[in-house]
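What follows is a short report on a single structure.
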Amino acid sequence: MSAATLSLRYLLTGFLFLTSLFLAPLGAAQTIAEKNLASCSECHGENGSPKDNRIPVIWGQNAAYLQRQLLAYRSGQRDNQIMSSMAESVAKDQLLSLAQNLSNLKWPSKGNQGGNAAKEFDLQKRLLAPQSMGLCLACHTADPSSMPEGTPRLWGQNLEYLLDQMSAYAQDDRTTNEAMSAIMKTISKKDQTEIARFYASH
Ligand code: HEC
Ligand code: HEC
């Protein structure tokens, strides 16, 4: 092998090495995003359906809402041992893009809802629902696409999780939103259960 070919080889190898250095961060960023999502799936479900009824659906949830909750877990404003340590393990800027990625995924269908909650929630069902649910529907609308910014979707959310959160607001165990705490204090336990059933079953 001639000296010229040899040095060309070194040059090429060096070039490839340098290119790989430049490309490495791109590849690494992708795996971090994938790793983050995979670690969430362990509890929140491979296909977006959590196995445990006390764990919320987060796929397809409102992006601004998810971001706000992740920051609240991170700062300790929303107190949950598991989720606080999860949120702390992810860098702040990645947390925000993770929320956006989660929001872009499809909310898991329970067979009868799949984004058609508005159609399912017809007049007859509205009459069967407790009267106090009218208030909830002003913000947690039947059609998830028409909800005010930052409002979480409740349709198709897990029943036990909804019940937990309603009483957490009412008892000031969850203090992420003053309006929700004030509202939940006025709703009887019986109505809370019925409303949660309505939202969870659609
Ligand atoms: C070990 C189980 C577990 C893992 C892993 C996990 N979560 Fe959670 N997550 C929970 C539980 C339990 C709750 C309900 C906590 C509560 O009551 O506040 C929750 C709640 C949440 C909420 C609040 C949803 C809402 O409707 O308010 C978000 C957002 C969330 N998790 C995102 C994530 C993300 C993002 C990851 C991955 C980085 C993740 N979780 C990993 C168990 C887990
Ligand atoms: C004025 C608008 C508004 C009204 C009315 C309202 N909510 Fe909310 N709700 C919100 C917002 C905004 C949040 C997110 C608050 C936060 O960051 O904690 C929320 C959060 C929730 C959550 C937590 C969801 C989750 O994924 O953790 C539940 C459960 C809930 N509301 C139930 C109800 C019920 C039941 C009613 C009626 C009795 C009701 N809300 C009325 C705006 C409203």
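At-a-glance table
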| item | result |
| --- | --- |
| Scope the stretch 159-176; condition closer than 19 Å to Asp191 by Cα, over 17 Å from the mean Cα position of the chain (by Cα) and more than 9 Å from ligand 2 (Cβ to nearest atom); matching residues | Ser167, Ala170, Gln171, Asp172 |
| Residue list for the stretch 162-179, restricted to those being surrounded by fewer than 19 Cβ atoms within 10 Å (Cβ to Cβ), in a helix (DSSP H, G or I) and within 16 Å of ligand 1 (Cβ to nearest atom) | Asp164, Ser167, Ala179 |
| Condition met for Gln69 (surrounded by fewer than 16 Cβ atoms within 10 Å (Cβ to Cβ), within 13 Å of ligand 2 (Cβ to nearest atom), within 19 Å of Asp173 (Cβ to Cβ) and touching a residue at least 60 places away in the same chain (Cβ under 8 Å)) | no |
| Those residues of the stretch 143-161 which are surrounded by fewer than 17 Cβ atoms within 10 Å (Cβ to Cβ) and among the charged types (D, E, K, R), in sequence order | Asp143, Glu149, Glu160 |
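Conditions (1) modelled with pLDDT of 95 or more; (2) in contact with a helix residue (DSSP H, G or I) (Cβ under 7 Å, 6 or more places away or on another chain), marked per residue:
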| position | (1), (2) |
| --- | --- |
| Arg54 | yes, yes |
| Val57 | yes, no |
| Gln69 | yes, no |
| Tyr73 | yes, yes |
| Arg78 | yes, yes |
| Met83 | yes, yes |
| Ala87 | no, yes |
| Ala91 | no, no |
| Leu96 | no, yes |
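The values are calculated or read from the model by the stated rules, or taken from the named source; none is laboratory data. Not measured: the values here are computed from a predicted model. Reconstructed Cβ throughout: ideal geometry from the backbone, glycine too, with neighbour counts over all protein chains shown.
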